[in-house]
Amino acid sequence: MNIPYIRSGDFFLPDLKLKEETRPIGKWGRMHRVYLEEHHPIQFNSLALSGNLWTYLADLNVHAQQRMETLIAQLKTAEGITEKLKTANPMLWTQRMNNIAARAEEIVREELIYNG
């Protein structure tokens, strides 16, 4: 292997650099990181030591966000929530949308965060 070294006093240390991930891990990534730390420490350490933890969590966050959007759209269609309801009765629309968002979040947590 051709590893570059840097001099530190009387010693030469390997100049190792990890890949930098610029995407945020977001809400879902933070939740999954805590889950991995508490319930799967070996997998967490393996990802952290290989330098892939941040990328893994950023990918999971994107996937979870897309799943949330898909679920919300499907539940809105299934329950007949439209813009017409929003203009006719904004409070009912808000109540039903909050209910849908809470259910979609619970599904994503169970499918991706605590079982992923």
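Some notes on this structure:
- With all protein chains in place and a 1.4 Å probe, the accessible surface of the chain carries 57 percent carbon and sulfur.
- Separation of the residue 20 and residue 79 label points, Cα + 7 Å toward Cβ, nm: 4.4
- Rounded accessible area per residue of the chain, 1.4 Å, Å²: 72
- Comparing 115, 104, 36 along the charge dipole axis of the chain, the residue lying farthest to the positive side is 104, per the Cβ-charge model.
- Report note on the peptides 37-43, 66-72, 3-9: ranked by the mean count of other C-beta atoms within 10 Å, highest first, their order is 66-72, 37-43, 3-9.
- Zero-based 5 Å bins, Cα pair distances in the stretch 1-63, whole percents: 4, 17, 19, 18, 12, 9, 10, 8, 2, 0
- With Cα atoms, 0 to 90° folded angle of helix 26-39 axis to the chain main axis: 60
- More than 19 angstrom apart: percent of Cα pairs within the chain: 61
- Among 21-33, 95-107, the order from most to least packed when residues are scored by Cβ within 10 Å on average: 21-33, 95-107
The values are calculated or read from the model by the stated rules, or taken from the named source; none is laboratory data. Because the structure is predicted, anything quoted here is derived from the model rather than measured. Cβ sites come from the backbone with ideal geometry, for glycine too, and all protein chains shown count toward neighbours. Protein only, heavy atoms only, side chains kept; ligands, DNA and RNA dropped before computing areas. Shrake-Rupley method; radii C 1.70, N 1.55, O 1.52, S 1.80 Å.
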